[in-house]
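Student: Below is the structure I would like to discuss, written out as structure tokens.
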Amino acid sequence: MNDPNCPICLECSDLREDCPHFLAEIDRTFGEARGIEDEDFEIQEMLNTSFSLAPTAAGYSNELLNDVFKSWIGSSVCNADREIDELAYYKFLQDLLVRCGAKTGISENNDAGGPGFSSDMDVLYAENTNEVLEMAVAWVKQSLGISVNK
């Protein structure tokens, strides 16, 4: 696969991580967010904890959050066994990062690693990667009613 050009500086290097605007590679097939592992884990933990403490059939008024909540509520009858569907979560994460200022790279969105190993993925870039990540985590906290000072 050709690395996507950065939509900000329009450069294409051998390693996308070399671009100062590289934010994350979202792999929805294998459920990974390379480049933002810590924030990915933090967001998943906040969602799972909040959903398990206050499950509600009504869901959330925010459409972005409600879609990922529906995947959690439908995964099991018992709260202890529920988990967020990876496809729904990584769509949520990508949409969230884009809403916070990330841009999708200019290229194909499929990493053809061979039969059974190809991935549906997008590469995200941002002018200020730290600011986008901070905004995303703060948005999740605010949407779930978690104190931003935690």
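The values are calculated or read from the model by the stated rules, or taken from the named source; none is laboratory data. Because the structure is a prediction, the values reported are computed rather than measured. A quick note on method: Cβ atoms are made from the backbone with ideal geometry, for glycine too, and the neighbour counts reach across all protein chains shown.
Student: Taking the range 1-28 as the search range and keeping residues that are loosely packed, with under 15 Cβ neighbours inside 10 Å and among the acidic types (Asp, Glu), which one is modelled with the highest pLDDT?
Tutor: That would be ASP18.
Student: Continuing with this model, one more query. Looking at (1) at pLDDT below 75; (2) buried (at least 18 other Cβ atoms within 10 Å of the Cβ); (3) part of a helix (DSSP H, G or I), which is the one condition that is false for PHE51?
Tutor: (1)
Student: Taking the criterion of being under 20 Å from SER143 (Cα atoms), modelled with pLDDT under 80, more than 13 Å from the chain's Cα centre (by Cα) and assigned to a helix (DSSP H, G or I), would at least one residue in the range 73-86 satisfy it?
Tutor: So far as the range 73-86 goes, yes, one or more of its residues are under 20 Å from SER143 (Cα atoms), modelled with pLDDT under 80, more than 13 Å from the chain's Cα centre (by Cα) and assigned to a helix (DSSP H, G or I).
Student: Among (1) more than 16 Å from GLU39 (Cβ to Cβ); (2) out of contact with any Phe, Trp or Tyr (no Cβ under 8 Å at 6 or more places or on another chain); (3) modelled with pLDDT under 90, which single condition is LYS150 missing?
Tutor: (1)
Student: Among the listed residues ASP111, ASP67, identify the single one that is of a type in the set (Asp, Glu) and modelled with pLDDT of 65 or more.
Tutor: Criteria check complete, one pass: ASP67.
Student: Could you look through the range 29-45, keep only residues that are within 16 Å of GLU17 (Cβ to Cβ) and assigned to a loop (DSSP other than H, G, I, E, B), and pick out the one that is modelled with the lowest pLDDT?
Tutor: Per the criteria, the residue is GLY35.
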